[in-house]
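**Student:** I have a structure here, written as structure tokens, and I will follow up with some questions on it.
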Amino acid sequence: MKKYYIETYGCQMNVSLSDQLQEKMNTSGFVLADSQEDADIVIINACSVREHAERKVFNRLEYLSYLKKQKGLKIVVTGCFAQNQKHNIKNADYILGTYKLSLIPEILKNGKENLINVEFDEYRFLEPVRNSTYPFQSLVDITVGCNNFCTYCIVPYLRGPQISRRSIEIIENIKRLADNGVVEIFLLGQNVNTYGKDNSDICFAELLYKIHQIDGIKRIKFLTSHPKDFNDEIIDAVFTLPKVSRWIHLPIQSGSDRILKLMNRKYDVNHYLKIVERLNSYKKEYNLSTDFLVGFPGETEQDFEETINIAKSIKFDEAFMFKYSDRPYTASATFPAKLPEEVKNKRLELLIKIQREIEKEKIKSHKNKIRDVLIESQSKRNLEDAMGRDEINKVVIIKNKKLQQGNFYKVKIVEAKGITLIGELL
Ligand code: 5AD
Ligand code: SF4
């Protein structure tokens with residue numbers, strides 16, 4: 001029996017797909033190895049969204065090529081990275097695009113595939129499984145692909161148009177997962193808010209209501225939303241369904257309407273502010289996180305200032321901040337007025353500094369609040385502590401090593417340390 005190992009780089013979508021692939025490899029007669037060194041086959045499932053991530057994977061491939069020479073290891077490269085870098089990957093046995101990941105066990109068995117297969121033909125979803133790190137959780141890819149074509153983004157070219165998994169299937173899968181002890185469902189897609197639009201299925205808000213009815217499921221999270229599609233029905237579902245986590249990841253990207261237009265984001269700052277107003281109108285705690293992309297071609301000092309201003313006025317609980325880089329196929333790669341690296345670096349640094357200050361200030365507001373914490377693991381810093389997340393997805397550390405992974409505990413927040421909350425059992 002052949003032993004395999006999967007290395008995963010990139011977003012939650014890749015983590016989810018690797019978990020599903022692992023399950024299919026196991027049921028197809030392959031055996032999970034303890035490490036790359038111990039494996040006959042190494043599968044690299046990697047990301048191409050930003051340039052920086054790709055460089056890391058190329059380095060990794062060099063090491064695996066060395067192992068291949070030493071002991072005849074088979075290397076399979078898949079995911080966005082394979083789709084994008086198909087002609088630059090050396091020493092792989094198979095380079096299989098995003099539509100081919102689900103076929104890897106069959107391809108390895110029959111051994112008749114071409115070196116490169118990145119065709120977009122028929123997309124086949126794999127069955128959602130338990131998360132390999134957190135077995136109480138399942139990452140469920142409800143859509144793949146994207147139709148939005150933000151001008152900086154490579155994803156639509158690497159994952160194809162949006163395809164939604166059928167809602168009947170999603171519900172059946174989640175019921176089965178709940179029967180097997182899963183309590184938390186993490187719904188994934190490039191833009192989950194447009195779920196069901198491509199195949200005339202129920203809409204995203206309705207899907208949330210349906211999943212909410214499933215016994216055994218206690219928490220529902222989702223990623224990623226798009227401001228142009230984050231409508232009132234979805235907001236209402238988030239604030240009225242108690243199992244839905246009031247954590248909203250809503251990338252704003254820029255605070256300048258001019259840049260948002262150039263990015264083809266299809267909303268303006270005012271629209272985003274209206275969403276925030278609506279979130280506030282429910283008078284319930286929530287957690288708003290975002291993505292910022294600085295240094296877009298043509299971004300002026302004034303545009304950037306508008307981004308700083310919006311960061312200061314909205315006060316996001318968390319932000320992922322990136323500096324623009326050209327990606328193949330994208331429209332913005334052909335835009336003039338590219339900014340020098342130093343300017344992009346300076347702007348990114350300043351935004352990070354300001355955002356971190358805001359986060360430090362905001363976290364204090366959680367003190368003395370009562371929260372429901374789902375334990376994920378032991379704390380990384382101190383094995384005597386447990387680490388979990390509350391109903392708005394804030395990380396909470398609890399000084400008690402007896403807490404069970406996958407169980408909920410009522411906790412009082414006693415301290416905010418840096419960006420972490422410390423809680424005590426009630
Ligand atoms: N350069 C830098 N950041 C990018 N992102 C997407 N494409 C690029 C790019 N070309 C960022 C966006 C997106 C996040 C997942 O990655 O902020 O929301
Ligand atoms: Fe990329 Fe925009 Fe689609 Fe997100 S919504 S995956 S940023 S094209």
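Quick note: the coordinates plus some simple rules give every number you see, no bench work behind them. Here the structure is a predicted model, which means the values were calculated and not measured. Every residue, glycine as well, gets a Cβ built from its backbone with ideal geometry; the counts of neighbours run over all protein chains shown.
**Student:** Quick one: give the max-minus-min coordinate of the C-alpha atoms of region 229-386 along each principal axis, largest first, in Å.
**Tutor:** So the extents along the principal axes, rounded to whole Å, are 51, 40, 29.
**Student:** Enumerate the aspartates and glutamates that residue 56 could reach by cross-link, defined here as Cα to Cα under 15 Å, with residues fewer than 8 away along the same chain left out.
**Tutor:** Filter leaves 7.
**Student:** Among 98, 16, 44, which residue has its Cα furthest toward the positive end of the charge dipole of region 1-138, with +1 on Lys/Arg Cβ and -1 on Asp/Glu Cβ?
**Tutor:** Of 98, 16, 44, it is 44.
**Student:** Counting each pair of different Cα atoms once, what's the Kirkwood radius of the chain in Å, rounded to one decimal?
**Tutor:** Numbers: mean 1/r = 0.0436 Å⁻¹.
That comes to 22.9 Å for the chain.
**Student:** Evaluate the relative contact order of region 138-281 (contact order divided by residue number), counting alpha-carbon pairs under 8 angstrom at least 6 apart; express in whole percent.
**Tutor:** Details: 224 pairs, mean separation 32.1, N = 144.
Dividing the mean separation by the residue count of region 138-281 yields 22 percent.
**Student:** Then there is this: Sort 136-146, 63-73 by the packing proxy (mean of other Cβ within 10 Å over each peptide's residues), most packed first. Spell out each step's value before the answer.
**Tutor:** Working: 136-146: 22.9, 63-73: 13.3.
Sorting 136-146, 63-73 by mean packing, highest first, produces 136-146, 63-73.
**Student:** Which lysines does residue 3 reach when only Cα atoms under 18 Å apart count, and residues fewer than 8 places away in its own chain are ignored?
**Tutor:** List returned: 24, 68, 69, 71, 74, 109.
**Student:** Would you mind calculating the relative contact order of the chain from Cα pairs under 8 angstrom and at least 6 residues apart, reporting the percent as a whole number? Provide the component values of the computation, followed by the final result.
**Tutor:** Numbers: 837 pairs, mean separation 42.0, N = 426.
About 10 percent, as a whole number.
**Student:** Still on this structure, I have one more. At 222 nm, what helix-only mean residue ellipticity would the chain give, in deg cm²/dmol to the nearest 500, using -39500 (n - 2.57) for each DSSP H run of four or more? It would help to have the intermediate numbers written out before the result.
**Tutor:** Working: 12 runs with 143 residues, N = 426.
Mean residue ellipticity at 222 nm (helix-derived): -10500 deg cm²/dmol.
**Student:** Anything over 28 Å Cα to Cα? Flag those among 175/364; 218/412; 90/346; 261/283; 218/399, in the order listed. If you can, show how the numbers build up before the last one.
**Tutor:** Values: 175/364 38 Å; 218/412 20 Å; 90/346 36 Å; 261/283 32 Å; 218/399 24 Å.
Result: 175/364; 90/346; 261/283 exceed 28 Å.
**Student:** Going through the cross-link list 221/401; 86/243; 274/344, which pairs have a Cα-Cα distance over 32 Å in this structure? Mind dumping the intermediate values first?
**Tutor:** Numbers: 221/401 26 Å; 86/243 42 Å; 274/344 29 Å.
Cα-Cα > 32 Å for 86/243; rest within.
**Student:** Might you report the magnitude of the Cβ-based charge dipole of region 233-350 about its Cα centre, with Lys and Arg at +1 and Asp and Glu at -1, to the nearest 20 debye? It would help to have the intermediate numbers written out before the result.
**Tutor:** On the way: 18 positive and 18 negative charges, 63 e Å.
Magnitude of the dipole: close to 300 debye.
**Student:** Let's see if you can work this out: charge +1 on each Lys and Arg Cβ, -1 on each Asp and Glu Cβ, no other charges. What is the dipole magnitude of the chain about its Cα centre, in debye to the nearest 20?
**Tutor:** So the dipole magnitude of the chain works out to roughly 800 debye.
**Student:** How much length is gained if the chain between residue 415 and residue 28 is pulled fully straight, taking 0.36 nm per residue apart and subtracting their Cα-Cα distance, in nm to one decimal? Intermediate results must be reported in sequence, preceding the final value.
**Tutor:** Values: separation 387, 0.36 × 387 = 139.32 nm, distance 4.89 nm.
Length gained between residue 415 and residue 28: 134.4 nm.
**Student:** Summing Lys, Arg as +1 and Asp, Glu as -1, what charge do residues with Cβ under 13 Å from the Cβ of residue 66 carry, residue 66 excluded?
**Tutor:** Values: positive: 60, 68, 69, 71, 90; negative: 37, 62.
Taking every Cβ under 13 Å from that of residue 66, the sum is +3.
**Student:** Dividing the convex hull volume of the alpha carbon atoms of region 62-177 by its residue count, what do you get in Å³ per residue?
**Tutor:** Working: hull volume 18.0 nm³, N = 116.
Roughly 155 Å³ of hull volume per residue.
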